[in-house]
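Here's the structure we're looking at; comments come further down.
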Ligand code: FPP
């Protein structure tokens, strides 16, 4: 899907005068989630190794975090490494982990200065020790950030998250701490790795593909999805503002009827 004529950087959609519980379209989504796709193609087109694309992707992340904080977005979740990305060549996996470590080492101070709190979701026990250590250090260093929460999804998969929650609830039930009939959507949702965050209002997919790729499957139930052909390394504040403006034009009904 191309941005085409819809691209109007800086144009803020008008906030609805009287938000109703059904069509409560906020001008700015509370939670934006991004599938950072297109790094490899960006590099290929320039005759560069794929890792150069991932490196440029980390720079795009820096730009987008800054813009998200300026826009007043509360939570920004980015898909950094999926449970399926281990299928890539070991050199690429190692390279991505190295870029992650570098990003955390070099950028944590900026995150603190910009009021960004860093969190992560995913089974990070499988990540290299250096990545785990830098993650914990950044989480601690940024804990007081109040402008924006940046959530890195690492060794994350929507199916993993659901199975992980189900397993923990089943264990509690087996210990007699929980009756199965007590499990409802609210309880299940709180048990998820992403349970501390609101569900994503807007999922942005750069790179031209139209699929969720196992991202935030539970939370995505009523997310608005905006896709663009822009490759992730070319993504910037204008692209984010365009996606947010697209979101503002959507009517969110959550299964209800318009205007009710
Ligand atoms: C998908 O693009 C991207 C990834 C699998 C890795 C994303 C990693 C980064 C942006 C590096 C920095 C990450 C953090 C969290 C600092 P792709 O390689 O599938 O692109 P393609 O579809 O064009 O091949």
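Observations, loosely collected:
- Highest-MSF residue in the chain out of 174, 141, 243 [GNM, Cα springs under 10 Å]: 174
- Rh by Kirkwood over Cα pairs, then Stokes-Einstein D for the range 187-250 at 1.567 mPa s and 4 °C, µm²/s: 101
- The mean sequence distance of close C-alpha pairs (under 8 Å, at least 6 residues apart), as a share of the length of the chain, puts its relative contact order at 34 percent.
- Taking the C-alpha atoms of the range 68-177, convex hull volume expressed per residue in Å³: 130
- Both numbers refer to the Cα atoms of the chain; Rg and Dmax are 18.8, 59 Å.
- Most to least packed among 84-94, 123-133 [average Cβ atoms within 10 Å]: 123-133, 84-94
- Computed Rg/Rh of the range 23-82, alpha carbon atoms with Kirkwood Rh: 1.10
- Segments 252-258, 231-237, 219-225 sorted - mean Cβ within 10 Å per residue, highest first: 231-237, 219-225, 252-258
- Note on the range 120-199: Cα Rg divided by 2.2 N^0.38 Å, N the number of residues, gives 1.29.
- Protection proxy ranking, peptides 73-80, 196-203, average beta carbon neighbours within 10 Å, highest first: 73-80, 196-203
The numbers here are math on the coordinates, done by the rules we state, and not lab data. What you see is a predicted model; the values in this text were computed from it and never measured. With ideal geometry, Cβ positions are generated from the backbone for all residues, glycine too; neighbour counts draw on all protein chains shown.
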